[in-house]
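Data first, discussion second: the structure below is written as structure tokens.
The values are calculated or read from the model by the stated rules, or taken from the named source; none is laboratory data. What you see is a predicted model, and the numbers here were worked out from it, not measured in a lab. Reconstructed Cβ throughout: ideal geometry from the backbone, glycine too, with neighbour counts over all protein chains shown.
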């Protein structure tokens, strides 16, 4: 979370004249939504793991996400390959 705030601070200081205020507002919205999502993930995986009644579900989710890493990598690789082929065909016309 701290890295996200640091990245946003760097992005603001890179444009000292604030010429692109609309782009800055869009980046602020993206950063705010990403920060909210990361806080929700922290709530699920850290705080709910502390309670005995919910720790089983947190452990089950963690193991499930760990087991599908290779499958997700293959899906992303196939999608990127297909997107590359479509991009090449689209740029030819």
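The single condition among (1) surrounded by fewer than 10 Cβ atoms within 10 Å (Cβ to Cβ); (2) assigned to a helix (DSSP H, G or I); (3) modelled with pLDDT under 60 that residue 6 does not satisfy is (1).
One line per residue, one yes/no per condition, for (1) in contact with a helix residue (DSSP H, G or I) (Cβ under 6 Å, 6 or more places away or on another chain); (2) in a helix (DSSP H, G or I); (3) at pLDDT 80 or above:
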position: 12; (1), (2), (3): no, yes, no
position: 17; (1), (2), (3): no, no, no
position: 25; (1), (2), (3): no, yes, no
position: 34; (1), (2), (3): no, yes, yes
position: 40; (1), (2), (3): no, yes, yes
position: 44; (1), (2), (3): no, yes, no
